[in-house]
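J.: Below is one structure. I have some questions about it.
Read-outs throughout are calculated quantities, based only on the coordinates presented, and are distinct from any laboratory measurement. It should be emphasised that the depicted structure is a prediction, and the values quoted were computed from it without experimental measurement. All Cβ positions, even for glycine, are placed from backbone atoms using ideal geometry, and neighbour counts span all protein chains on display.
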Amino acid sequence: MTAGACLTSDAPNSALLDPDLLLDRYGERIYRLARRMSNSDADAEDVMQNTLIKILRKADSYRGESDPMGWIYRITLNEARELHRKRKRRPAVSLDALPIDFDETQHAVGVSDIAGRPDKSAMAGEIDDRIRDAIQELPDGYREAVVLYDLEGVPYAEAAQLMGLSLGGFKTRLHRARLHLRNVLERFWADRDAATATTDGEAKS
């Protein structure tokens, strides 16, 4: 069953009532999402612990599908947002002014496609670090869109439902976030090329 499954069943999922079973069955996915949202092991542990507590407290009221990952994702996102607010890491960047230009398939270029340089493989680790840092600089809703769709692989409609957005609204937010990440990588390569040119010039003089 997918992450955005409708909540229609009549009985609570037994795994939500047992702490050990809950951790065994869903702990890894909760931590992975929390880690990608926070980019910090310590914060991910806090988000995971708070999420597990919240799930156990609310388990009796859950009446959903046999796989409650949509519900769990939503709780994890909320806990990550709350911790992010407490840490006061809200970035000054605003993405609302970025243009929207979907291609003919209504798909934007993915994060994995925007570093297509000949020397990409040699710089893979540094590129990955810069992308992770750039994702953390995104405002909450934009970071969540990238994490859910590009990193977690949650389909458009399900990710939009998890975030309480229309499908078009989610695509717009995701596309703006990707444009920001593209700009970050373009600056990364421009700075690197400039530094390389300077080094080569000094070596020849």
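J.: Out of the residues in the range 134-191 that are small (G, A, S) and surrounded by fewer than 22 Cβ atoms within 10 Å (Cβ to Cβ), which is farthest from L83 (Cα to Cα)?
T.: Here the residue is A190.
J.: Sort out which residues of the range 56-82 are out of contact with any Phe, Trp or Tyr (no Cβ under 8 Å at 6 or more places or on another chain) and among the hydrophobic types (A, V, I, L, M, F, W, C), and write them in order of number.
T.: Across the range 56-82, the qualifying residues are L56, A59, I75, L77, A80.
J.: For the range 150-181, enumerate the residues that are aliphatic (A, V, I, L, M) and closer than 18 Å to M37 by Cα.
T.: Result: L151, V154, A159, A160, L162, M163, L174, A177, L181.
J.: Also: Of all the residues that make up the range 156-171, how many are under 12 Å from Y142 (Cβ atoms) and either outside any helix (DSSP H, G or I) or touching a His at 6+ places or on another chain (Cβ under 8 Å) (or both)?
T.: 1
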